[in-house]
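Engineer: Sharing a structure here in structure tokens format.
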Amino acid sequence: DQQVKQNSPSLSVQEGRISILNCDYTNSMFDYFLWYKKYPAEGPTFLISISSIKDKNEDGRFTVFLNKSAKHLSLHIVPSQPGDSAVYFCAASEWVEFYFGTGTSLTVIP
Amino acid sequence: NAGVTQTPKFRVLKTGQSMTLLCAQDMNHEYMYWYRQDPGMGLRLIHYSVGEGTTAKGEVPDGYNVSRLKKQNFLLGLESAAPSQTSVYFCASTKGSNQPQHFGDGTRLSIL
């Protein structure tokens, strides 16, 4: 059974607007959460992470929010740029094992 | 910086053949992982290693074996390839727990 879920396979936003990508998880033992970006024919690239002791982490245009009670994670990209168009995976970790969502394909329209 | 390097990038096999995928990292990372990515399934963990000489099963280990004889290398073996093992395989490494993983660019494997 999928422990990390991304229910939106795709998302389109206008350049300059906010992109919000969502992720849900089921395992309350997860203590570290990450977002990766992936371009075709390349491996995933680490974007941003958050520990379970925090509820927000910011890095430039990227902010990750964690709601532990809802078991929900989101990634905000502001402002969105055409170069942000890629597949985004969320991941969650318990000790050394990582579990990935199925990905959301983001298209930023110029 | 090479980071994580996977060899080969592409391979076509016949059912029943065997092969080994090589992953090499130059970041002195302790932990290494093998994943497979299938359409609509995300990345699923096959096997992982927390140090030289140690390996452990992940979510989908059946049909695969691994070895970590040297810290920088993690090998994934298919003893008798099956069409269900057609996939893109990714290797990753990380410094330790609660650290982000660094990924290779993948090996696209087709089994006919």
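Engineer: Just need the Rg to Rh number for the stretch A:1-62, please, alpha carbons only, Kirkwood Rh.
Structural biologist: With Rg and the Kirkwood Rh in hand, the quotient comes to 0.97.
Engineer: So if a site counts as exposed when it's one of the trypsin sites (Lys or Arg not before Pro), its DSSP state isn't H, G, I, E or B, and it has at most 13 other Cβ atoms within 10 Å, what's the longest stretch of chain B without one? Could you put the intermediate results ahead of the total?
Structural biologist: Working: sites that count: B:LYS9, B:LYS14, B:LYS70.
So the longest stretch without any such site is B:15-69.
Engineer: Which of B:PRO39, B:PRO83, B:PRO61 moves most in a GNM of chain B, Cα contacts under 10 Å?
Structural biologist: Comparing B:PRO39, B:PRO83, B:PRO61 in the GNM, the peak value goes to B:PRO39.
Engineer: Going from most exposed to least, what order do B:THR94, A:THR26 have by accessible area with a 1.4 Å probe?
Structural biologist: Values: B:THR94 0, A:THR26 80 Å².
The residues order as A:THR26, B:THR94, largest area first.
Engineer: Would you mind telling me which residue in A:LYS68, A:LYS54, A:LYS37 has the biggest mean-square fluctuation in a Gaussian network model of chain A, where springs connect alpha carbons within a distance under 10 angstrom?
Structural biologist: Answer for the Gaussian network model of chain A: A:LYS54.
Engineer: How many times 2.2 N^0.38 Å is the alpha carbon radius of gyration of the stretch A:9-102?
Structural biologist: 1.05
Engineer: Something else about it: Of the cross-linked pairs A:LYS68/B:LYS9; A:LYS56/B:LYS70; A:LYS5/B:LYS71; A:LYS38/A:LYS68; B:LYS14/B:LYS95, which ones have a Cα-Cα span greater than 29 Å in the structure shown?
Structural biologist: Checking Cα-Cα distances, A:LYS68/B:LYS9; A:LYS56/B:LYS70; A:LYS5/B:LYS71; B:LYS14/B:LYS95 exceed 29 Å.
Engineer: Let me ask something else. Using the Cβ atoms and a cut-off under 15 Å, what net charge is assigned to the surroundings of A:SER105, where Lys and Arg are +1 and Asp and Glu are -1?
Structural biologist: Net local charge, A:SER105 excluded: 0.
Engineer: Follow-up. Rounded, prolate or oblate, given the Cα gyration tensor of chain B, with a/c below 1.5 counting as rounded?
Structural biologist: The shape class here is prolate.
Engineer: For the protein assembly as shown, what mean projected area does the convex hull of the alpha carbons give, in nm²? Let's see the in-between values first.
Structural biologist: On the way: hull surface 48.2 nm².
The orientation-averaged projected area of the Cα hull of the protein assembly as shown comes to 12.0 nm².
The values are calculated or read from the model by the stated rules, or taken from the named source; none is laboratory data. If you're wondering where the values come from, they're calculated on a predicted model, not measured in any experiment. Please note: Cβ atoms are built from the backbone with ideal geometry, for glycine as well, and neighbour counts cover all protein chains shown. These accessible areas exclude ligands, DNA and RNA; they are computed on the full protein's heavy atoms, side chains included. Shrake-Rupley method; radii C 1.70, N 1.55, O 1.52, S 1.80 Å.
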